[in-house]
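We did not get these values from a lab; they are worked out from the coordinates using the rules stated. This structure is a prediction, so every number in the text was calculated from the model and none was measured. Using ideal geometry, Cβ is built from the backbone for each residue, glycine included, and neighbour counts are taken over all protein chains shown.
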Amino acid sequence: MRRRLKRRRGFRNDHGSVGAQFGPRGTFRPHHLAGGSLTAIINRIEEAVETETAAIRTDMNFDLRASNARKSRCLYELNRAIKNITAEDLVDEHKEGLLRLRGKLERNEAALLAHLSAVSEVANLMKNAIQHAEADGTYSAGEFGWAKS
């Protein structure tokens, strides 16, 4: 009963944090900017991207699917956090964090492209090896006149 009253009155959101505050000049500030949680979200995204970038370069058994799921959750949080804000609501800390994040995302993209290129190269090597092994003339369609020109 008490929880329902708090939520109905808007004192707390589902996560137990303050629902909203009033910023400078009495402007309404959503809860995600009130306690610096936007900074926390940016930091979590940076951590996830750094972890993935390092792991792609060093760990052959890194779970890309789990990493993508983590990044997707972080992106969802970020989208929710910035949905109702304007450029004026962003403080320098947020702007610097977003610029740092952009740089880390560029490095992550380069690592992912290198990884994808390596995977593609290995796949082509395996395909060529299989074709070469099968093309010893013993079982090729051309030997039996079945090959189409």
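For segment 35-60, list residues with backbone N below 20 Å from a point placed 7 Å from the Cα of Ser117 toward its Cβ?
Flagged as within label range: 52-60.
Given a Förster radius of 30 Å and the C-beta distance between Lys95 and Leu75 as r, what FRET efficiency does 1/(1 + (r/R0)^6) yield to the nearest 0.05?
Working: r = 18 Å, r/R0 = 0.62.
So the FRET efficiency works out to roughly 0.95.
What residues from segment 38-57 fall in the zone where the backbone N is under 16 Å from a label point 7 Å along the Cα-to-C-beta line of Glu109?
Once the point is set 7 Å along Cα→Cβ of Glu109, 49-50, 53 turn out to lie under 16 Å by backbone N, inside segment 38-57.
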